[in-house]
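Take a look at the structure set out below.
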Amino acid sequence: MSEPILQMQNISKHFGLTVALDHVDLTVYPGEIRGLIGENGSGKSTISSIAAGMQPATEGTMKFKGRDWAPKSMTDALEHGIGMVVQERGTIGGVSIAENIFLGNIDQFSTAGFVNRRKMNQAAKEILSLVGMENIDPALPTTVLDLQDRKLVEIAKVIARKPDIFVVDETTTALSQTGRQKIYDLMKEQKKQNKSVLFISHDLDELMEVCDTLTVLRDGNLIKSLTKEEFDEEEIKQLMVGRELKGDYYRSDYDGSYDKEVVLKIENGNFGEELKDLTLELHKGEILGVGGLSSCGMHTLGKALFGAVPLQSGRVTAGGQTITSEKTAMQHKIGYVSKDRDTEALNMDASILDNISIAGLDKIAKHGVITKKNERNLVKEQISSLSVKCREPKQAVSELSGGNKQKVVFGKWIGCDSEILILDCPTRGVDIGVKQAMYQLIYRMKKEGKSILIISEELAELIGMSDRLVIMKDGAISGEVTRSESLNESAVIGYMI
Ligand SMILES: Nc1ncnc2c1ncn2[C@@H]1O[C@H](COP(=O)(O)OP(=O)(O)O)[C@@H](O)[C@H]1O
Ligand SMILES: [Mg+2]
């Protein structure tokens, strides 16, 4: 085998008392696509961001192309051959797409202090063409782009610098199948040129398909590296969680029964192309799944049921009362977990404590007084029952890993005794250990008589969890199936497309 291109030796990283990485060795070879997998908080982003110059290690050494490697910044690393598309930061709002692409590098287009925008935009166009976005005007602000296109701009920006190692951290979660395919193509192209990829994803199927080698991390330790011939789904899952996944992944019963009582209802709801005369009822104790392609209107349906989208006609009712706003929805004990949890569901500037307690203030305010003690107790209860991995309730929510952030969102709504929960892609971007915990929690809530609506782009989880499953297409319901052992994806997918 050839010489490694990157050697990371004995790498540790501490954040205060948190040991994010504990003496990890990682080697990458030319022409290798290496996958990193592990539960949330296992250290995947930390190790890759150290290689890519985002932060220094607390301990350990690195060699890149045979030389000592200690990049001063991400720009420095990119210049010398390691480029990373980061997990949770995107493009910067308020400046143009071209300016985003050439951030920190705009001087190349200036003469005598004036930026030649025409030249810069032309160069940006060429870079955008690398990800099939040549039809987008680079002079527009990035805010006109949706999440997928913003991610693709970041990818283009990195790949345009022809890195020897292309690091992709959890980017595919934000992408549709076409967006994903673009990334896979770029990775294959890297490999063809004998360059390397470090690929982090939650999607084990995807990793096993795309990668040559897979490294499993757990709690900051490197557990095992496997080559393609050694890939075995069950073994990898076990290595990730450090134990056999005991019990059922989804629920195990095929009962599918629930109360007749309707607790939440939308009648002839209209909202542009998203909802077309849509009628749907959620019953007490029911887990109702809503599936479809991401553009089918189901995300808007979730918002409408929570009073967050003003219907053009039709109405939403809970217990006979009309829901007209998020406030009335909350008064009717409706909770809502947004798909876009970072910007909608959590206040990233606040602590875990503040985020969980905000929706439960009524419950805390017995006799009109919110005592600090009540607040802390409610929050502690949620942190422990959901096993949120954190140092303390006052820790900033922005420091938590994706799955733990999602648990905080759950805790917020459960803590205030929601009777009805609307969950939009609740397990998006979380790994199997946390997913299983969430499925168990959702099932427990059903058993307690709560009513749950799950909107998801993952058919397997909808089939696995729902009592009843409706499929949407072009703003309307195109099919409905009930829980049964024989139900499979191919029986449902026809309603979607
Ligand atoms: N900037 C930071 N401050 C404090 N703790 C952090 C920071 N970044 C990561 N951590 C912690 O380090 C651990 C590893 O995190 P991370 O590398 O993001 O995991 P992964 O990417 O595998 O989900 C987690 O416990 C996380 O909370
Ligand atoms: Mg990460």
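First select every other residue whose beta carbon is under 13 angstrom from the beta carbon of E59; then total the charges, Lys and Arg +1, Asp and Glu -1. Display every interim value, and only then the final one.
Numbers: positive: K13; negative: D22, D25.
Counting the neighbours of E59, the net charge comes to -1.
Placing a pseudo-label 7 Å from each Cα along the Cα-to-Cβ vector at S73 and A491 gives an inter-label distance of 5.8 nm.
How big is the convex hull of the Cα atoms of the range 262-493, per residue, in Å³?
Hull volume over Cα atoms, normalised by residue count, gives 119 Å³.
How much of the DSSP beta bridge set in the range 262-493 is antiparallel, as a percent to the nearest 5? Don't skip to the answer; put the middle values down first.
Details: 19 of 37 bridges.
If we restrict to bridges inside the range 262-493, about 50 percent are antiparallel.
Computed from the Cα positions only, the extents of the range 206-329 along the three principal axes stand at 57, 33, 25 Å, in decreasing order.
A cut-off of 5 Å between modelled amide H atoms, ignoring neighbours fewer than 5 places along the same chain, links L421 with G335, S451, I452, L453. The Cβ shell under 14 Å around V144 holds other residues with a net charge of -3, Lys and Arg each +1, Asp and Glu each -1.
Between D146 and E3, what's the calculated FRET efficiency when r is the beta-carbon distance and R0 is 56 Å? Round to 0.05. Display every interim value, and only then the final one.
Values: r = 42 Å, r/R0 = 0.75.
Efficiency computed from Cβ-Cβ geometry: 0.85.
Peptides 211-218, 62-69, 155-162, 73-80, ordered by how many other C-beta atoms sit within 10 Å of their residues on average, highest first, read 211-218, 155-162, 73-80, 62-69. In this rough spin-label picture, where each label sits 7 Å from Cα along the Cβ direction, the E458-E381 distance is 2.9 nm. Taken over the alpha carbons of the range 1-157 as equal point scatterers, the Debye sum produces base-10 log I(q)/I(0) values at 0.08, 0.12, 0.14, 0.17 Å⁻¹ of -0.30, -0.65, -0.83, -1.05.
Calculate the FRET efficiency for V115 and T324 from the Cβ-Cβ distance with a Förster distance of 60 Å, rounded to the nearest 0.05. Mind dumping the intermediate values first?
Values: r = 49 Å, r/R0 = 0.81.
Approximately 0.80, to the nearest 0.05.
For the range 148-156, backbone phi angles converted through the Karplus equation (6.51, -1.76, 1.60; θ = phi - 60°) give residue-by-residue couplings of 4, 5, 5, 5, 5, 4, 4, 4, 4 Hz, Gly and Pro being listed as x. Against the compact-protein benchmark of 2.2 N^0.38 Å, the Cα-based radius of gyration of the chain scales to 1.03.
Under the classification rounded if a/c is under 1.5, otherwise prolate if a/b is larger than b/c and oblate if not, where does the range 1-91 fall, given a ≥ b ≥ c as square roots of the Cα gyration tensor eigenvalues?
Details: a/c = 1.39, a/b = 1.24, b/c = 1.12.
It is rounded, given that a/c, with a ≥ b ≥ c, falls under 1.5.
Using C-alpha pairs below 8 Å separated by at least 6 residues, the relative contact order for the chain is 15 percent.
Within the shell of other residues whose beta carbon sits under 12 angstrom from the beta carbon of V263, the net charge comes to 0, with Lys and Arg scored +1 and Asp and Glu -1. HN-Hα J couplings of the range 264-275 from phi, Karplus 6.51/-1.76/1.60, θ = phi - 60°, integer Hz, Gly and Pro as x? So the Karplus estimates, Gly and Pro as x, are 8, 8, 10, 10, 6, x, 10, 7, x, 7, 7, 10 Hz.
Quick one: work out Rg over Rh on the C-alpha atoms of the range 92-144, Rh as Kirkwood radius. Spell out each step's value before the answer.
Values: Rg = 10.7 Å, Rh = 11.2 Å.
Result for the range 92-144 is an Rg/Rh of 0.96.
Under the criterion of Cα pairs below 8 Å and six or more residues apart, the relative contact order for the range 14-86 equals 24 percent.
In this rough spin-label picture, where each label sits 7 Å from Cα along the Cβ direction, the N347-D259 distance is 3.3 nm. Put simply, the amide H of L36, placed in the peptide plane, has neighbours under 5 Å in F199, I200, S201, T215, leaving out anything fewer than 5 places away on its chain. Estimate the FRET efficiency between R161 and D277 by the formula 1/(1 + (r/R0)^6), using the beta-carbon distance for r and 56 Å for R0, to the nearest 0.05. Working from the Cβ atoms, E equals 0.65.
Placing unit charges on the Cβ atoms only, positive for Lys and Arg and negative for Asp and Glu, gives the chain a dipole magnitude near 1240 debye about its Cα centre.
Where a number appears in this text, it was derived from the coordinates with a stated rule and is not lab data. Predicted model only: the values in this text are computed from it and were never measured. So basically every Cβ, Gly included, is an ideal-geometry build from the backbone, and we count neighbours across all protein chains shown.
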